[in-house]
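Values in this text are rule-based calculations from the coordinates and carry no lab data. Since we're looking at a predicted model, the values are computed, not measured. All Cβ positions, glycine included, derive from the backbone under ideal geometry; neighbour counts span all protein chains shown.
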Amino acid sequence: MEFGSVIIIIFIILVVAFILYGTLADADFSLMYYHFLAQPKDFRNKVVWITGASSGIGEYLAYNLIKRKARLVLSGVNVERLEAVRNRCLTLSGCADENILLVPFEIDKFDIHDECVKKVLDHFQQIDILVNNAGISQRADFADIDIEVDQKLFNVNVFGTVNLTRKVLKHFLERKKGHVVITSSVAGKLGAPYSSAYTGSKHALHGYFECLRSEMVEENIHVTLVCPGPVFSAITDRCVTGKLGEKYNHTQQATDKKMKTERCCELMVTAIAHKLDECWICIQPILIALYLAQYFPTIFRKVLLKLLFNRQRVMKMRQGR
Ligand SMILES: NC(=O)c1ccc[n+]([C@@H]2O[C@H](COP(=O)([O-])OP(=O)(O)OC[C@H]3O[C@@H](n4cnc5c(N)ncnc54)[C@H](OP(=O)(O)O)[C@@H]3O)[C@@H](O)[C@H]2O)c1
């Protein structure tokens, strides 16, 4: 076969692969590979502490992990919701009550973190995986945000996560093993318009935890940054605006273009099981846009942003409509 024909065939294969990926894939290449081709792993006897476990992603992560034989610590603020999640976990797995511990606390009350870690260690004597998932979102124009809102977002999403991780890290270093998982966001990889405090907080997590990863290269301690796109959860119900105490009050509808919570958590569990460094879990076309933003930033900023991002379209997309 002539060299020219080979090039054309390779080109056609690449275009077809790109179209298929752009239509069907809902995660980055590595995660798709591990999800479909690698041996599934269970979490038998592992103690997994999930913050933000009372709803949404944290809740469904708990259901997925309990079916894979993990022992769970569930944290959040709403005790009633946490109890409901625990009961469902017990029904799904048939495991003993003592395999699930509830540790309700507000993550931005930093002085109770030591006490919470002690409670977990008193009960289980070990922590294998800490999933830092608690978080709040925000919608407002950059110019209209009071600094107290930025501080609130950082206290919950960043400083709460960082402080709790530091406490648990001491235990990981003593045991010479551990795994820190962080629910970041696609907003941790690019600028999500009209969510600057949220976007800033998620970018900050990457800064902190990339440093932790670098400092832990000689220890048996792993870091996984998970970046989901839009996923069904209660996040928009309690989303804040630019004024402290004000709610955005947007309720999701079943017809919204968002990923199912179960699917997001299924993929997230694969990323955790295989200790992936970072993963992107996202519906299309946001996933392809994320690839462009990461690998072709100039095209993304100079062409895509200008062509596609007008306020009305962005707002619609952010609402999953
Ligand atoms: N859903 C999405 O589209 C999406 C996309 C990318 C990333 N994420 C990230 O995924 C994570 C989980 O969010 P979600 O979508 O599952 O939303 P969600 O349903 O609202 O869940 C948020 C969880 O965080 C907890 N939380 C909030 N503030 C807290 C505080 N001050 N102290 C302790 N816990 C607190 C909540 O606990 P209570 O209910 O008990 O207050 C709840 O369990 C967040 O970090 C979010 O940024 C979500």
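Rank the residues Ser54, Ser233, Ser30, Ser201 as a footprinting-exposure proxy: fewest other Cβ atoms within 10 Å of their Cβ go first.
Ascending number of Cβ neighbours within 10 Å: Ser30, Ser233, Ser54, Ser201.
HN-Hα J couplings of segment 129-138 from phi, Karplus 6.51/-1.76/1.60, θ = phi - 60°, integer Hz, Gly and Pro as x?
9, 10, 9, 7, 10, 4, x, 10, 10, 7
Could you pull out every residue, at least 5 positions away or on a different chain, whose amide H is within less than 5 Å of the one on Ser195? Hs are placed 1.01 Å off N in the peptide plane, and Pro or chain starts have none.
It is Ala140, by chain and number.
Show me the trypsin sites (Lys or Arg not before Pro) within segment 97-175 that DSSP assigns to loop and that have at most 13 other Cβ atoms within 10 Å of their Cβ.
Lys109
By a straight-distance test (C-alpha under 17 Å), which aspartates and glutamates pair with Lys109 as possible cross-link partners, with residues fewer than eight away in the same chain excluded?
In chain and number order, the partners are Glu148, Asp150.
Of Lys152/Lys316; Lys67/Lys257; Lys152/Lys247; Lys176/Lys275; Lys119/Lys167, which sit over 18 Å apart, Cα to Cα?
Over 18 Å apart, Cα to Cα: Lys152/Lys316; Lys67/Lys257.
Running a GNM on the chain with Cα contacts under 10 Å, which residue among Leu61, Leu153, Leu190 ends up with the highest mean-square fluctuation?
Judging by the Gaussian network model, the answer is Leu190.
What do you get for trypsin sites (Lys or Arg not before Pro) in segment 275-304 restricted to DSSP loop and a cutoff of at most 16 other Cβ within 10 Å of the site's Cβ?
Lys275
Which residue, Tyr194, Tyr208, Tyr295, tops the fluctuation ranking in a GNM of the chain built on C-alpha contacts under 10 Å?
The residue that fluctuates most here is Tyr295.
Where Rh is the Kirkwood radius over the Cα pairs of segment 161-301, the temperature 10 °C and the viscosity 1.306 mPa s, what D in µm²/s does Stokes-Einstein return?
95
Taking the Cα centre as origin and putting +1 on Lys and Arg beta-carbons and -1 on Asp and Glu beta-carbons, what dipole magnitude results for the chain, to the nearest 20 debye?
Magnitude of the dipole: close to 600 debye.
Report the gain in length on full extension from Tyr248 to Met315: 0.36 nm times residue separation, minus Cα-Cα distance, nm rounded to one decimal.
22.8 nm
Quick one: if the Förster radius is 45 Å, what FRET efficiency do Ile19 and His206 give, using the C-beta to C-beta distance and rounding to 0.05?
It comes to 0.90.
What does the convex hull of the Cα atoms come to per residue for segment 199-262, in Å³?
119
Please work out the C-alpha center-to-center distance from segment 74-105 to segment 155-234 and express it in whole Å.
A separation of 24 Å, based on Cα centres.
Compute the distance from the alpha-carbon center of segment 108-133 to that of segment 1-53, in whole Å.
35
I need the GluC sites (Glu not before Pro) found in segment 72-123, filtered to DSSP loop residues with at most 16 other beta carbons within 10 Å of theirs.
Those satisfying the criteria are Glu106.
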